[in-house]
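First comes the structure, then the notes that go with it.
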Amino acid sequence: MKVTSAEFLKSAFKESDWPRDSLPEISFLGRSNVGKSSLINSLLGVRGLARTSSTPGRTQSLNFYTINGQFRFVDLPGYGYARAPKALKAEWGKAAEDYLSQREQLALSIHIVDSRHRPSKQDLELNAWLRHHRKPNLIVATKSDKLSRNELRKNIDSIALDFDNDEVIIYSATKRKGRDQLWSAIEKSLKS
């Protein structure tokens, strides 16, 4: 896909803040510090559009980005470790679950995992939730450039097995490995 424009639209903490039009949306979800914002920036070829940080839990709202004026990316708060009070983390989780369960414009959820680690309990629960609710989703394993070829293949095989042999797209935000394959899946979901 040729990205001609990508702009931050808004942050939303509750449903009343969500955009009200009917543009299709692609959500990005995964645990804190897995590389959601870096993946978005890499896909769009725009540095710093989605805020990145080495501090887990930096994304605390649903962040909406309009792409080519035709669809949106939605960066959801990460789950798991984050330096934030439990009550605040619970609010992030509720906002994300409300969005995933209620949003009619949601065309695809991109579930991001770290290729260096086995999926966490929360990763497996999210995958089960998406399947149970029949939400179109795709698993993307980031940070692939940090492993040797053999380590990567072994880890991806384990990740696929943990997710019941779902296809796993191998991605590197720094080297843009997997970018074309991921765009192809996004374009397909937008046509559905």
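Couple of notes before you dig in:
- The amide H of Val168, built 1.01 Å from its N in the peptide plane, has no neighbour under 5 Å, considering only residues 5 or more places off or on other chains.
- Legend: residue pairs Lys10/Lys188; Lys14/Lys177; Lys14/Lys135; Lys36/Lys154; Lys36/Lys135, Cα-Cα distance threshold 29 Å; pairs beyond threshold, Lys14/Lys177.
- Antiparallel DSSP beta bridges within region 6-191, as percent of all bridges there, nearest 5: 40 percent
- Spin-label model, Asp21 to Glu167: label points 7 Å out along the Cα-to-beta-carbon direction sit 2.9 nm apart.
- Summarising the amide proton neighbourhood of Ser109: residues at separation of 5 or more, or on other chains, whose placed amide H is nearer than 5 Å comprise Ser27, Asn137, Leu138.
- Once exposed loop trypsin sites (Lys or Arg not before Pro) are cut out (DSSP; at most 11 other Cβ, 10 Å), longest piece of the chain: 84-133
- Amide H contacts under 5 Å for Lys10: Phe64, restricted to partners 5 or more places along the chain or on a different chain, H placed in the peptide plane at 1.01 Å from N.
- Net charge over other residues, Cβ less than 15 angstrom from the Cβ of Val3 (K, R count +1; D, E count -1): +2
- Computed label-point distance, nm, for sites Arg47 and Asp98 using a 7 Å Cα→Cβ extension: 3.7 nm
- Across the chain, the convex hull enclosing all Cα atoms gives 110 Å³ per residue.
- Residue-count net charge about His117 - beta-carbon cut-off 13 Å; Lys, Arg +1, Asp, Glu -1: +3
- Label-to-label distance for Trp129 and Glu7 is 3.2 nm, based on points extended 7 Å past Cα in the beta-carbon direction.
- CD proxy at 222 nm, helix term only [per DSSP H run n ≥ 4: -39500 (n - 2.57); per residue of the chain; nearest 500]: -10500 deg cm²/dmol
- Given R0 = 25 Å, the distance between the Cβ atoms of Lys191 and Asn150 translates into a calculated FRET efficiency of 0.10.
Read the figures in this text as sums done on the coordinates, not as results from a lab. What you see is a predicted model; the values in this text were computed from it and never measured. Every residue, glycine as well, gets a Cβ built from its backbone with ideal geometry; the counts of neighbours run over all protein chains shown.
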